[in-house]
Amino acid sequence: MTAPLVEIMGVRKSYGDLDVLKGIDLEVQEGQVVCLIGPSGGGKSTLLRCVNHLERVDQGAIKVAGEVVGYRWQNNSLHEMRSSQVCKQRAKIGMVFQQFNLFAHKTVLQNVTMGPIKLLGLSKDEAIERARTLLDHVGLLDKQSAYPSQLSGGQSQRVAIARALAMEPRLMLFDEPTSALDPELVGDVLSVMRDLVSQGMTMLVVTHEMGFARDAADSVAFMAGGEIVEHGTPEQVLGNPQRERTRSFLSRVSA
Amino acid sequence: MSVQAESPSRQELETASVVPLRHPWRWVSAAIITLLVVMIAYTLVANERFEWPTVARYLFSRPIIDGLLLTIQLTVIATVASLILGTMLALMRTSANPILRLSAAAYIWIFRSVPLLVQLILFYNISALFPTINIGLPFGIGPQFAFGEVNAIITPMVAAILAFSLNESAYTAETVRGGLLSVDKGQIEAGRAMGFSEGKIVWLVVLPQALRVFIPPFGNQVVNLLKMTSLVSVIALADLLYSAQIIYSRTFETIPLLIVASIWYLILVSAMSYGQSLLEARFAQRGNRVGKATKRSGPTTDTSRFFALKTGAVQVQATSEKDER
């Protein structure tokens, strides 16, 4: 077996006295989809944000594609990287936020072309061609000259996914991508994510959509209180949970 | 009450015409204001002490135009200097370095607390505090590279430029900071997650969005600055107002010359307000549908609604407005 694309090793993080992550171990193989589920405040989003160094890890380390994220190993210690090096690592990791965070002053097309032009050095024409293909995939080619304020939540999130994919990432992070959406718009975003799964994209997804976790994920990790309480296949964790904490959470979610 | 007693039939309700609420007090207040405006207009024409021919004679006279140019020059220099220094101060105030943060806050505190007039006189008299200026290493160690008499360097114009630029920077810093803070943190995070450097995030994501919030208060500030430059008359710098004062102290045509100055200030501020509205339109949040709809319905709707002129007209406009939304 090849080395996993993402290796999370003994990651700890605290805000003052509050331990948000208490030693997390998790691996994501290339092409796998891992869903993080659990109650809010359980550390799921924080863990996800550590993977692209939006949050600093206090102890332990995260490797993506064999490289420690945000730190350099030297003289038996981890040295924090210069921000220019962190930027290079982040460019290979796509991220989709709960609140979409589309650039409000740019059109849909400009949102998707901005990264490739400014960071990957694509010509404007190449970037536009790539953006059009991606917008077509997410069904929003006709919205290319709209501004984010003219889009519904579901449309915004699909543009955000296209924007992340335009950087041709090796890994996609989803931070509760459907939690801010009206219920009838969730399906559009999930179907775009399912397409990505079928194309073999490696994904780490924080979600409350148990249906998506059940039929799209290769493994599901239940997080609560800063720890991974249970980790296994969707059938194991969602169908036959072993721990009381998982059971009570699942009964409340499905109720 | 007979009106309430007979309840209308469904058919009557469907076909009935609608009588909008009348607003008699709007007519009364409008009449009073109109009367006042007419009275003011009458006195402007009828009162010969305004001496309009004298106003016309001086409006384009050499000393007035020279004063006007000096006023514009001072405003432009102080505005540009305050944009540069103010942006630096705003970035310092949001910096992670506590020394930078504190020193910027102290600067803003001092320059906003001491009255502008006091600052102006202080800079004019700065030679009393520092008679000579040496450029070299601090505390007089080693060789001095340049040496000068402060009295010769600080002309009234230099004192005015220093006072207005440094004072205005303190205000611009706060306006810029307000603009920076108005940008959602999620925008910065999205930029980081994509791999943009902090500098590129400021330049490509934060500043363009901050400008929209920055322009209206900054426009206000520049209008204020323009009028405040008239303070330089206390240090005998011949700006627009002081040029007018020089003339009327000789000819005693006080009122006409103050009117000449006022007319020029009105023209300058109007031009600036027009420029500001162009800038605002340029940096408006594009694709904001609500904003466009209000603009399109325009002042006609407001006036006709104000007086509730015709039932039909109001109804039509009300529906067309709904359609736009």
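The values are calculated or read from the model by the stated rules, or taken from the named source; none is laboratory data. Treat the numbers as computed from the prediction; the structure is a model and nothing was measured. Please note: Cβ atoms are built from the backbone with ideal geometry, for glycine as well, and neighbour counts cover all protein chains shown. To get the accessible areas, we keep the full protein, side chains included, count just its heavy atoms, and leave off ligands, DNA and RNA. Shrake-Rupley method; radii C 1.70, N 1.55, O 1.52, S 1.80 Å.
Note on B:W52 and B:N220: their simple-model spin labels are 3.6 nm apart, each label 7 Å out from Cα toward Cβ.
Computing FRET efficiency as 1/(1 + (r/R0)^6) for A:D17 and B:R101, where r is the C-beta to C-beta distance and R0 is 30 Å, gives about 0.70. The value given for the stretch A:82-179 is a Kirkwood hydrodynamic radius of 13.4 Å, derived from the mean inverse Cα-Cα separation.
Distances between every pair of Cα atoms in the stretch B:66-284, grouped in 5 Å steps from 0 to the bin holding the largest one, split as 1, 6, 11, 14, 15, 15, 12, 9, 8, 5, 3, 1, 0, 0, 0 percent. The distance linking the stretch B:145-178 with the stretch A:95-137 is 44 Å (Cα centroid to Cα centroid, whole angstrom).
Sequence gap at least 6, Cα distance under 8 Å: using those rules, report the relative contact order of the stretch A:5-133 to the nearest whole percent.
Details: 146 pairs, mean separation 24.1, N = 129.
This gives 19 percent for the stretch A:5-133.
Counting only other chain Cβ atoms within 10 Å of each residue's Cβ, the peptide A:42-53 averages 1. Each of B:F214, B:S95, B:A159 was placed along the dipole of the stretch B:66-284 (beta-carbon charges, centred on the mean Cα), and the one lying farthest toward the positive end is B:S95.
Structural size metrics of the stretch B:41-94, computed from C-alpha coordinates, are Rg and Dmax of 20.2, 58 Å. Taking Cα atoms only, the orientation of helix B:254-283 departs from the longest principal axis of chain B by about 70 degrees. Could you give the angle, 0 to 90 degrees to the nearest 10, between helix B:311-324's Cα long axis and the longest principal axis of the Cα atoms of chain B? The two axes meet at around 60 degrees.
Computed from point charges on the beta carbon alone (+1 for Lys and Arg, -1 for Asp and Glu), the dipole magnitude for the stretch B:66-284 about its Cα centre is near 480 Debye.
Could you sort B:E14, B:E168 by their accessible area in this structure, using a 1.4 Å probe and putting the largest first?
Details: B:E14 120, B:E168 15 Å².
The most accessible residue leads, giving B:E14, B:E168.
Between A:N240 and A:E27, the distance separating the two model label sites (each 7 Å from Cα on the Cα→Cβ line) works out to 2.3 nm.
Which entries of A:K92/B:K200; A:K13/B:K200; A:K22/A:K44; A:K106/A:K143; A:K106/B:K200; A:K63/B:K200 show an alpha-carbon separation above 21 angstrom in the structure shown? Violating the 21 Å Cα-Cα cut-off are A:K13/B:K200; A:K63/B:K200. Charge dipole (Cα centre; +1 on Lys/Arg Cβ, -1 on Asp/Glu Cβ; no other charges) of the stretch A:138-192 amounts to roughly 220 debye.
Over the stretch A:6-254, calculate the relative contact order: mean separation of alpha carbon pairs under 8 Å at least 6 apart, over the residue count, as a percent. Value for the stretch A:6-254: 26 percent. In chain B, the longest principal axis of the Cα atoms and the axis of helix B:24-46 are about 50 degrees apart. Farthest toward the positive end of the dipole of chain A, out of A:M81, A:V96, A:P183, is the Cα of A:M81, where the dipole comes from beta carbon charges about the Cα centre.
Dimensions of chain A based on its C-alpha atoms, expressed as ranges along the principal axes with the largest first, amount to 52, 51, 39 Å. The figure for A:M9 is an accessible area of roughly 70 square angstrom, using a 1.4 Å probe on the protein chains alone.
Give me the accessible area buried between chains A and B, both sides summed, with a 1.4 Å probe, in Å² rounded to the nearest 100.
Working: alone 12470 and 21480 Å², together 31830 Å².
Buried: approximately 2100 Å² between B and A.
When the charge dipole of the protein assembly as shown is built from unit charges on Cβ atoms (+1 for Lys and Arg, -1 for Asp and Glu) and taken about the Cα centre, the candidate among B:V176, A:M167, B:T132 whose Cα reaches farthest toward its positive end is B:T132.
Just tell me how shielded A:77-88 is by partners: mean number of partner chain Cβ atoms within 10 Å of each residue's Cβ, no decimals.
Working: counts 0, 0, 0, 0, 0, 0, 4, 4, 0, 3, 9, 1.
Mean shielding count: 2.
Taking the Cα centre of each part, how many Å lie between the stretch B:185-230 and the stretch B:1-55? Centre-to-centre distance over Cα atoms comes out at 44 Å.
Using alpha carbons only, the radius of gyration of the protein assembly as shown set against its Kirkwood radius gives Rg/Rh = 1.11. Peptide A:103-116 shows a mean partner chain C-beta count of 4 within 10 Å per residue C-beta.
Please label the shape of the stretch A:120-255 as rounded, prolate or oblate, based on the square roots a ≥ b ≥ c of the eigenvalues of the alpha-carbon gyration tensor (a/c under 1.5 means rounded; beyond that, a/b larger than b/c means prolate, else oblate). Can you show the working numbers first?
Numbers: a/c = 2.81, a/b = 1.98, b/c = 1.42.
Prolate shape, in that a/c is at least 1.5 and a/b is the bigger ratio.
Computed over chain A, the per-residue total of -39500 (n - 2.57) for DSSP H runs of n ≥ 4 gives a 222 nm mean residue ellipticity of -10500 deg cm²/dmol, rounded to 500.
Could you work out the relative contact order of the stretch B:66-284? I mean the mean sequence separation of Cα pairs under 8 Å and 6+ apart, divided by the number of residues, in percent. Before the final figure, lay out each step's value.
Numbers: 237 pairs, mean separation 58.3, N = 219.
Value for the stretch B:66-284: 27 percent.
Evaluated with a Cβ-only charge set (Lys, Arg +1; Asp, Glu -1), the protein assembly as shown carries a dipole of roughly 860 debye about its Cα centre, given to the nearest 20.
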